[in-house]
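The values are calculated or read from the model by the stated rules, or taken from the named source; none is laboratory data. Please read these numbers as outputs of a predicted model, since none were measured by experiment. Because the Cβ atoms are built from the backbone with ideal geometry, glycine has one as well, and the counts that use them run over all protein chains shown. Just the protein is used for accessible areas: all its heavy atoms, side chains included, with ligands, DNA and RNA removed. Shrake-Rupley method; radii C 1.70, N 1.55, O 1.52, S 1.80 Å.
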Amino acid sequence: MASGPNGGGNGGGGGGLMKNMSLLRLQYYCVLGAVAGAVLFATLRYMPAAGSGAALSTTSALATAAAPAGSGAGAGEHRKIKGTAPAPAKAAAKVVTKPKEVVVFNFGDSNSDTGGVAAIMGIRISAPEGRAYFHHPTGRLSDGRVVLDFICETLNTHHLSPYMKPLGSDYSNGVNFAIAGATATPGDTPFSLDVQIDQFIFYRDRCNDSITRDEPAPLNMLDFERALYTMDIGQNDITSILYLPYDEVLAKLPHFVAEIRKAIEILHKNGARKFWIHGTGALGCLPAKLAMPRASDGDLDEHGCIAKFNNAAKRFNTLLSEACDDLRLLLKKSSIIFVDMFAIKYDLVANHTKHGIEKPLMTCCGHGGPPYNYDPKQSCMGDSMDLCKLGDKFISWDGVHFTDAANSIVASMAISGEYSVPRMKLTSLVKPAKSKAS
């Protein structure tokens, strides 16, 4: 074993061990030096020429640096190296999203839906929808424009595109999150107000992400601060409970208003500063409600509308207006305008002759003829509809939604400031664009 001879088998083992170790160390250094020399030789022998553009080894770089400046081959080699170095990459041009003149974000139900429900649900809305203005169906539940469209026209910007419309959308002036059938109350419908608010926040965050990455975005963060935030929702919440005793209806209204208030507060936390809030309309004057079976006409008012339903709508508006008053004090540096849509829409019925309307309680596109031309079992898009003549002025298009002509009157009254709290014209809150967008 190795320990035998090295351990002192002949009495002089300690000195022999040291001698042997010295010889081994010398042999090790010789071998190491030979290997290093071979590696260096191979590197120099097979290294590509400096003009070939290949990477330089550390050894050749040091040799070049050691040559006197401007002398012999060293200087020439240095010039070659300098001339073949790759040019530094140019920084990508920063993408700048210019602020828009007018931006609008809308939340609501079918009163302001510009095609969202048709896109989301795959509903093919057919003629005669859209006949009065667009001359083809657009997904709006009307023969033409909704009030939101007239708001956009007043501000010289194009109509808002629905959030989920996959084709032909243009979000350069804002987004319409409204969906027909939506409620202010969460959970009652797939796209209730809270969901629409979540969609807005998602959209805003994605725009911000794109800007942070120097990628194109339809809007910048300043656009969100300057934008007008419009809201028209609550009608479906109210109509869904009108079968209840009146005191129970009134008891539920504060909950609906609380959800709208919460939505305004969330929008404010996310940068919104200008709000245009619509109250609900004269629900007791809708042909869809008037055509329902009733024991007597004792609950009809002087203009033929259901007083109980209208009183509920007025109470809802009072609560919503008061909520806006509170928020106006709470949310500093904000403008919150409440528009009394009941007063506006009831005026169309009460003073219908002034507006050139002959039959204020009758549906333009429906079934059954006078007095209401409405059948809940058949839609306006059926084959055997009783359709009014194109050009005749009607308030109701299909028993629930307004015609283009009626929406035009409603919009002009709403934006005038005569029915708003505080009294303010729309164009005083938002300056129209200099030139009308296409």
Near the amide H of residue 402, under 5 Å away, which other amide H atoms are found, from residues 5 or more places off or on another chain, if H is placed in the peptide plane?
397
So what J values fall out for the range 242-249 if you push phi through Karplus, 6.51 cos²θ - 1.76 cosθ + 1.60 with θ = phi - 60°, rounded to Hz, Gly and Pro as x?
5, 6, 6, x, 4, 5, 6, 4
As a Kirkwood estimate from alpha-carbon pairs, the range 156-235 has a hydrodynamic radius in angstrom of 13.8 Å
Listed by chain and number, the residues whose amide H is under 5 Å from that of residue 130, excluding neighbours fewer than 5 places away on the same chain and using placed H, are 142, 143, 144
Ellipsoid semi-axes in whole angstrom, largest first, where each is sqrt(5λ) of the Cα gyration tensor of the range 340-407
21, 12, 10
Residue-level accessible surface for residue 222, protein heavy atoms, 1.4 Å, Å²:
70 Å²
Kirkwood Rh and Cα Rg combined as Rg over Rh, evaluated for the range 374-426:
1.16
Net charge near residue 141: determine it from the other residues with C-beta under 11 Å of the C-beta of residue 141, scoring Lys and Arg +1 and Asp and Glu -1.
-4
Could you go through the range 202-213 in sequence order and give the Karplus-derived ³J(HN,Hα) for each residue, using 6.51 cos²θ - 1.76 cosθ + 1.60 with θ = phi - 60°, rounded to whole Hz, and x for Gly and Pro?
4, 4, 4, 5, 5, 4, 5, 4, 5, 5, 4, 8
Between the range 144-165 and the range 201-234, the Cα center-to-center distance that results, in Å:
17 Å
I need the semi-axes of the equivalent ellipsoid of the range 203-333: take the C-alpha gyration tensor, multiply each eigenvalue by 5, square-root it, list largest first in whole angstrom.
39, 16, 12
Order the peptides 175-185, 409-419 from the highest to the lowest mean number of other Cβ atoms within 10 Å of their residues.
175-185, 409-419
Report the normalised scattering of the range 311-438 as log10 I(q)/I(0) at q = 0.14, 0.22 Å⁻¹, calculated by the Debye formula with identical scatterers on the alpha carbons.
-0.78, -1.20
Hey, can you grab everything whose amide H is under 5 Å from the amide H of residue 367? Only 5+ residues off in sequence or another chain; H modelled, so Pro and N-termini drop out.
374, 375, 386
